[in-house]
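For reference, the structure discussed in these notes is given below.
Laboratory data are not the source of any read-out in this text; all were calculated from the coordinates shown. Computed from a prediction, not measured in an experiment: that's the story for all the values here. Neighbour counts run over all protein chains shown; Cβ positions are idealised from the backbone, glycine included.
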Amino acid sequence: MQNPFYCLFLFLLLFVGVAWTEEGECRRLNRADIEGRLSTKTPYRAIANYDETPPKFAGCHPTRIWYIIRHGTRNPSEAVILQAQNRLSEIKKRILDQPKPPICSAELKRLRQWSWKHLNASEDEKLLVAEGEDELIELAERMQKRFPDLFPELYSPEWYYLKYTATQRTRKSAASFATGLFGRNRIHTVRYPPPLHEDPVLRFYKGCGKWKTDVDKNPETLVNARRFLAEPQMQSAVEQIRSSTRLPDLQPADVQLMYTVCAFETAWHRPRGGSGSRSSSHSVWCNFFDVAALEALEFFEDLEYYWNDGYGYELTHRIACPAIADMFAAISSSEEERRANATLYFTHSGTLLKLLAHLGLARDKKPLTHKHFASERRWRTSQIDAFATNLAFLRYDCDKEEPQVLVLHQERVVRLPGCPQDKDLCPLATLRRLYAKSVDHCNVEELCRVKAN
Ligand SMILES: *[C@@H]1O[C@H](CO)[C@@H](O)[C@H](O)[C@H]1NC(C)=O
Ligand SMILES: *[C@@H]1O[C@H](CO)[C@@H](O)[C@H](O)[C@H]1NC(C)=O
């Protein structure tokens, strides 16, 4: 009786074949083209380092780590959810109302089914999603494989100090990282200090009045991003979306909304099953973009973050000094004053970007402006500020040398400006000297004072 099975087999073959060609015709971009261009909504899997080989330095071994990590993939803000439920639903309707909608039938079906009704804008905003948990679990597992001595599988408060800010997304990120280290059944023993909304170390900018008035709430900050809207690259991106949707009146804000929704939906769903990079995007909204358009939208975001949270204004990165001071305290305090061997912080994009700028990482020679789309640049938020972005300082104690420091960004070794550029380890004393000015004169109260006038 193999006949029915044979028929089923043939049917499946046919079915798969149709699906493949269908997908082949539909697909404008593949996963890889999209995933790495989503700015701060880039899923960590697009940039993770899957090489778990432990770095080896003869005669030296790691004894402490200070590790600061952005929360993983989350839901959008309330404002974005509402815009998706309202404006984007309207755009969807206008695409579907066309006599012959400009997309293939498989995508048409997905567009018909698209909605964000499952999200409650006020309750679900910014919550960590399942993909975000996986990002942190897997990051912890890779770090533990690389540095088994630094990350023992048994939790103890003498060894580990974990802290998060007063938000669900960082709390769950911490719990997920702990799950990766200790296993699901043992995370209940982990002790956390009381979380703060304006943590002076984990979120130093929240309480900084001067940064808020001079940078964050200053309309000047977004001038370059705004000017880029009028540049030819952004204009052709908008034109491209107008043509692929056949909606000639779409505005830049509509295109940005489509990009944001494409980004979140792509980040939420990693490709499952064997098709790998062949699988098309999970977000129907990505299909309206070509690579050039994605890159223009990405550059707009790079400009925004450069000026709001990066190199744009000196004050923005100077106020990261409490975190740098805390790092030195964690890795260089004496045995008696030692808080823990592993300090793990779970925080936000705004903290990571300001820290990178304080350290001189991803720095371009000239300030980034709306004219620099076509120039090479190191400031790429998709690479330096994806979900679960992480920065580690590891102390190494050596047989014959003074203590050294290894710095990892996104699980890869980086050599800080001022440290030896021909080797990976930087002497702790050198590093401390480099940051003497920022650490010894870290007067946040004065830096952040808003002058009344
Ligand atoms: C933990 O840190 C202390 C203080 O620096 C150090 O003496 C000790 O060797 C570290 N433990 C391990 C196993 O590396
Ligand atoms: C969303 O949640 C809030 C608070 O629980 C509730 O009052 C509201 O009705 C919900 N909105 C929708 C659309 O379900």
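If I ask for residues that are β-branched (Val, Ile, Thr), away from ligand 2 (no atom under 16 Å from the Cβ) and assigned to a helix (DSSP H, G or I), which ones from the range 79-131 would you list? Break it down into steps so the answer makes sense when it comes.
Narrowing the range 79-131 to residues β-branched (Val, Ile, Thr): 80-81, 91, 95, 103, 129.
Pick out the ones that are also away from ligand 2 (no atom under 16 Å from the Cβ) and you get 91, 95, 103, 129.
Correct list: Ile91, Ile95.
Just to verify a result, which residue in the range 391-447, among those that are aromatic (Phe, Trp, Tyr) and in contact with a strand residue (DSSP E or B) (Cβ under 8 Å, 6 or more places away or on another chain), is surrounded by the most Cβ atoms within 10 Å (Cβ to Cβ)? Can you show your working first?
Applying the first criterion (aromatic (Phe, Trp, Tyr)) to the range 391-447 yields 393, 396, 435.
The next check asks that each one be in contact with a strand residue (DSSP E or B) (Cβ under 8 Å, 6 or more places away or on another chain); those that pass are 393, 396.
On the way: Phe393: 24, Tyr396: 22.
Looking at the filtered set, the residue picked out is Phe393.
Being within 16 Å of ligand 1 (Cβ to nearest atom), assigned to a loop (DSSP other than H, G, I, E, B) and not aromatic (Phe, Trp, Tyr) is the filter here; which residues of the range 132-167 pass it?
The answer is Pro148, Asp149, Leu150, Pro152, Glu153, Leu154, Ser156, Pro157, Glu158.
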